[in-house]
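This report refers to the structure that appears directly beneath it.
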Amino acid sequence: MSASTRLRPPRNQADPRAVPWWTVQWLILMVPVAAAAVAAYWILTERPVLLGAGVAVFAAGCVALALVAPRAYYRVERWEVTDQAVYTRKGWLRHTWKVAPMSRIQRVDTARGPVQRLFGLADVTVTTASSAGAIKIEALDHELAAELAERLTAITQATPGDAT
Amino acid sequence: MSGLPSAEESGDAGWAPLSGRSLWASGVKSLVIVAGAVAGLLRLLLGRDWPVGGIVAACAGAAVLIVAAVLAYDGARLRTTRWRLTRERLELRSGITVRQHRSIPRDRVRSVDLRADPVCRAFGLSVVKVGTGEHAGEDDELVLDPLSKHEAEALRRTLLRQEHEGAASQDGPLAELRWSWIRYAPLSVWTFTGAALLLGGLYKVLDSFGLKGLAGRAASGLWDWVTAQPLVAVPLLLAVNAVAGALGAALLFAESWARYRLEREPGRLRLRRGLLTVRSLTLQERRLRGVELSEPLLLRMGGGARVKTVATGLGKAGEHETEDVAALTPPVPRALAAQVAARIAGVSPAVFAALAPHPRAARRRRIVRALATFAVLSAATALATLLLPVPWLWLVPAVALPAGLWVAVAGAASLGHALGERHLLARRGAVARRTIALERRGISGWTFSESYFQRRSGLLTVSAATAAGKGRYDVVDVGHGDGLDLAARAVPGLLEPFLVRDGTPARQ
């Protein structure tokens with residue numbers, strides 16, 4: 001039986017607006033890198049053709065990565081909240097699943113960055129007593145996030161014990 | 001302690017001062033500063049041919065000033081510090097300029113640590129540290145510095161009192177010092193580096209006393225000797241270093257672990273140790289989340305091991321501590337360590353010996369990693385030797401290959417896991433091998449992670465999150481299905497809804 005036990009994917013995906021939001025984040029990072037490479041080639045070198053091709057490939061790669069990575073992340077990032085536990089999956093090359101039981105949750109936070117707010121998204125962070133146990137559910141619709149945080153807080157407050 | 005009033009009833013009464021004998025103790029301790037200051041003054045004044053009487057007067061004046069300042073400070077501190085124990089809380093008011101009021105609920109008290117250095121002991125004093133489980137910054141400890149020895153003992157007993165008080169430990173101490181254990185003391189890296197560090201420190205001290213010339217001459221003389229006769233001098237120096245290190249380690253062992261005794265009282269563990277500074281730590285068993293059997297390489301080769309706790313609310317080691325606060329035993333024979341760990345955890349010692357090994361793929365993965373490191377190092381060396389003619393650089397990959405392979409094989413052999421009645425056991429580590437027995441009810445969540453290469457060889461790393469100790473404990477490179485089954489059985493019910501087993505369709 002053991003060899004075939006697997007984790008099933010959590011039920012829910014991030015909000016579809018996560019894709020444009022992550023794309024914007026990646027572009028903010030990648031466009032300056034690509035631009036700097038092109039500018040350095042244009043200003044500092046004698047513009048040899050071979051190096052030019054290399055720089056062009058590099059710049060195109062940066063932009064392509066910024067466009068592709070968010071879509072890939074969107075496909076692998078999933079989350080689920082049951083009455084007993086919070087369950088998430090993320091990661092592309094390195095898969096990571098996290099499970100935290102309701103009875104051990106100590107704090108629930110929602111966070112909205114400035115750019116994130118433009119997209120109407122929010123993150124929910126669930127903290128347990130362990131310093132290594134925080135679980136982040138990223139890029140939810142902000143109303144859904146608020147509702148989820150409220151529900152989690154209600155459940156955890158109803159659970160006795162000091163959650164250690 | 002129903003005799004104690006609650007905070008509301010007692011109002012502002014019941015506040016007690018710290019022990020007044022603290023003044024004597026700090027007076028004696030201030031003499032150390034006096035000695036340092038006098039030495040400095042002497043050095044300064046002897047160079048300026050002052051009359052002897054003047055020098056003596058200056059030194060005496062400095063000494064009086066220092067002692068008076070220390071006594072004044074300590075007196076002010078004692079006057080402004082008050083503590084009290086009510087039915088619900090332990091409270092402390094302190095601060096000479098900035099007033100502080102700290103209070104911890106008594107049901108949050110996890111550990112009580114009594115400590116007395118030789119000066120404190122001479123005056124019958126003890127420093128009490130009360131630890132709570134809070135991780136939030138400096139608030140996890142309340143220090144009463146100092147109380148009289150009797151007050152400290154009484155406070156310890158009151159704070160950690162339980163229903164079945166009085167029932168003495170039935171089965172004798174868990175462990176008691178045997179001086180033969182001192183043979184394990186030098187089995188640590190410090191033995192080989194400690195003596196050199198000590199010499200460095202000595203040089204610094206001589207330097208600050210203006211004897212730099214002397215130290216410098218000695219050092220250059222030594223250097224001349226080493227370069228003249230390296231074949232004699234180098235092994236001799238290494239031997240002296242090792243002997244000095246071993247001696248230092250043995251002395252440190254004696255200071256830390258003399259009078260060592262680990263007892264189980266009902267509901268708590270009590271650890272007493274120390275030759276000059278006497279330490280006594282009491283730990284609530286329900287705050288214990290497991291034990292760790294630690295076998296660093298040198299100690300392991302000597303057949304030794306030590307036991308540490310995995311507990312909530314145990315403070316971090318202070319700066320001047322010579323020993324880890326989590327340590328429950330000194331280095332002891334491995335069989336005894338396993339026995340103590342098993343008795344604390346309430347499992348049979350056989351469990352520690354019979355862990356399930358991990359799949360062969362875990363070993364293959366480590367060997368491949370060692371070979372890849374070797375390949376990269378070789379390529380780098382080839383490149384470097386092309387640019388610089390230094391053939392001895394090839395020593396680096398030549399050493400890295402056998403070392404890497406040894407780490408790979410030993411690391412894979414260390415891997416293991418098991419599920420006890422109440423504990424999850426996991427072992428790992430080539431150089432520092434650790435076996436953790438983590439209480440299953442202390443597990444506050446799971447993380448499963450799988451890198452690209454792990455996925456290809458069907459392996460998984462299972463991390464149990466817990467409030468105690470390091471916060472997470474890993475079962476590394478276990479078979480994918482085995483790891484999930486292990487986690488599912490360790491905390492029943494939590495994982496089941498998220499698992500798909502052979503033949504059962506996913507519940508969507």
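Values quoted throughout were computed directly from the atomic coordinates according to the rules given, and no laboratory measurement underlies them. Here the structure is a predicted model, which means the values were calculated and not measured. Here the Cβ is made from the backbone with ideal geometry for all residues, glycine too, and neighbour counts use every protein chain on show.
Observations
- Over chain B, relative contact order from alpha-carbon pairs under 8 Å, at least 6 apart, %: 10 percent
- With neighbours defined as other Cβ atoms within 10 Å of a residue's Cβ, the residues B:V340, B:V390, A:V33 order from fewest to most as B:V390, A:V33, B:V340.
- When B:V34, A:V86, A:V57 are sorted by how many other C-beta atoms sit within 10 angstrom of their C-beta, beginning with the fewest, the order is A:V57, B:V34, A:V86.
- Check: the protein assembly as shown dipole with +1 on Lys, Arg Cβ and -1 on Asp, Glu Cβ, in debye: 1120 debye
- Normalised contact order of segment A:1-135, rounded percent, pairs of Cα under 8 Å and 6 or more residues apart: 23 percent
- Förster-model FRET efficiency, 56 Å R0, A:A60 and B:L198, C-beta, rounded to 0.05: 0.40
- Shown in residue order for segment A:22-32 are the 3J(HN,Hα) couplings computed by the Karplus curve 6.51 cos²θ - 1.76 cosθ + 1.60 at θ = phi - 60°: 5, 4, 4, 4, 5, 5, 4, 7, 8, 4, x Hz (x for Gly and Pro).
- If you take all other residues with their beta carbon under 11 Å from the beta carbon of B:V462, and give Lys and Arg +1 and Asp and Glu -1, the sum is -4.
- The convex hull defined by the C-alpha atoms of segment B:352-508 has an orientation-averaged projected area of 12.1 nm².
- Radius, Kirkwood style, for chain B when every pair of distinct Cα atoms is counted (Å): 27.5 Å
- Segment B:64-156, Cα convex hull volume normalised per residue, Å³: 115 Å³
- For B:T329, nonlocal amide neighbours, meaning residues 5 or more places apart or on other chains whose placed amide H falls under 5 Å from its own, are B:V307.
- Arranged from fewest to most other beta-carbon atoms within 10 Å of their beta carbon, A:D83, A:D141 become A:D83, A:D141.
- Our note on the geometry: Cα centres of segment A:88-156 and segment B:331-365, 37 Å apart.
- Along segment B:445-455 the Karplus relation, 6.51 cos²θ - 1.76 cosθ + 1.60 evaluated at θ = phi - 60°, assigns HN-Hα couplings of x, 10, 10, 10, 9, 8, 6, 4, 6, 4, 4 Hz to successive residues, with x for each Gly and Pro.
- From phi via Karplus (6.51, -1.76, 1.60), per-residue ³J(HN,Hα) for segment B:189-204 in Hz, x at Gly/Pro: 4, 4, 4, 8, 9, x, 4, 5, 4, 4, 4, x, x, 4, 4, 4
- Under 5 Å, built H, 5+ apart or other chain: amide partners of A:I105: none
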